[in-house]
1. What pairs come up if the first residue lies in segment 91-108 and is closer than 17 Å to VAL155 by Cα, the second is part of a loop (DSSP other than H, G, I, E, B) and open to solvent by less than 10 Å² (accessible area, probe 1.4 Å), and their beta carbons are under 6 Å apart, counting only those six or more places apart or on different chains?
2. Take VAL150 and decide whether it is in contact with a Lys or Arg (Cβ under 6 Å, 6 or more places away or on another chain), open to solvent by less than 50 Å² (accessible area, probe 1.4 Å) and at pLDDT below 85.
3. Scan segment 99-115 for residues that are surrounded by fewer than 19 Cβ atoms within 10 Å (Cβ to Cβ) and farther than 17 Å from ASP184 by Cβ and jot them down.
4. Please specify each residue of segment 17-28 satisfying the condition of being open to solvent by 80 Å² or more (accessible area, probe 1.4 Å) and either modelled with pLDDT of 65 or more or over 23 Å from THR82 (Cα atoms) (or both).
5. List the strands (runs of 3 or more DSSP E) inside segment 47-124, counting only whole elements, that have at least 3 residues being over 16 Å from VAL177 (Cα atoms) and not aromatic (Phe, Trp, Tyr).
6. Identify all residues within segment 74-98 that are over 15 Å from THR56 (Cα atoms) and open to solvent by 10 Å² or more (accessible area, probe 1.4 Å); write none if there are none.
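The values are calculated or read from the model by the stated rules, or taken from the named source; none is laboratory data. Computed from a prediction, not measured in an experiment: that's the story for all the values here. Positions of Cβ are backbone-derived with ideal geometry, glycine not excepted, and every protein chain shown enters the neighbour counts. Note: areas computed on protein heavy atoms with side chains; ligands, DNA, RNA excluded. Shrake-Rupley method; radii C 1.70, N 1.55, O 1.52, S 1.80 Å.
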Amino acid sequence: HADHVDDEIHRTAIRDSATDLSSISRKARDAEAVMTDSNGPPSPVDLTAVAKEVATTAREDHPESNVSVDAPENLQITTHRTIVRRLVVELVENAIVHSTDPVRVDIEVSTTTDGTPQLRVTDTGPGIPDRERELLTGAGETQLEHGLGVGLWFVNWAVNQLGAELEFEQASDEGTVVVVHFHDANRPTDERKDSSDDATDQN
């Protein structure tokens, strides 16, 4: 219908709004599909392989970007692959979209000194607004406080679902570092269930 509007300003605004709505709807469908597929028990996942796979796709979709991966040959964790992959996709896409030229995103897979697997995504952008950080690391959205998009909402859900922790760091120069600590990744399934039951009882 936008093609039938004579005013170029209004025609462009309609097209832009329709494009944004289509993108949000697609992300919502993708998130729903991942949530549906993640009902089964956790299984072994190579975090390095997931990071490299996402990086390859990102380079194909955004040929102007420079996406690197620094990771060991493999890093096995016990988790839900569909959730982890979508989580990495959202973090990398967000980093690419908000980076300044030249677009550079660095993905690092490693373990902390205590053996906790972690994922670090570094970009060259202005960073995530403070309110968005609070929504991602705090209690989440309310009816009066909503995030900027489905992607960041999914990151929040995925981190909670995986028993992980989200952290933000300042890059050495301009840019932001998003860190995901997979605390529960290698815990036995029954221990995770016990922890989940304890949290539910406390609530």
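1. Filtered contacts from segment 91-108: HIS98/GLY125.
2. Working: in contact with a Lys or Arg (Cβ under 6 Å, 6 or more places away or on another chain): yes; open to solvent by less than 50 Å² (accessible area, probe 1.4 Å): yes; at pLDDT below 85: yes.
Yes.
3. Initially, segment 99-115 is screened for residues surrounded by fewer than 19 Cβ atoms within 10 Å (Cβ to Cβ), giving 100-104, 108, 110-115.
If the condition is that a residue be surrounded by fewer than 19 Cβ atoms within 10 Å (Cβ to Cβ) and farther than 17 Å from ASP184 by Cβ, then THR100, ASP101, PRO102, VAL103, ARG104, GLU108, SER110, THR113 are the ones that fit.
4. Step one: list which residues in segment 17-28 are open to solvent by 80 Å² or more (accessible area, probe 1.4 Å), which gives 19-21, 24, 26.
Hits for segment 17-28 are THR19, ASP20, LEU21, ARG26.
5. Working: elements: 66-70, 76-79, 104-111, 117-122.
Passing ranges, in order: 76-79.
6. Listed by number, the residues that qualify are ASN74, LEU75, GLN76, THR78, HIS80, ARG81, THR82, ASN94, VAL97, HIS98.
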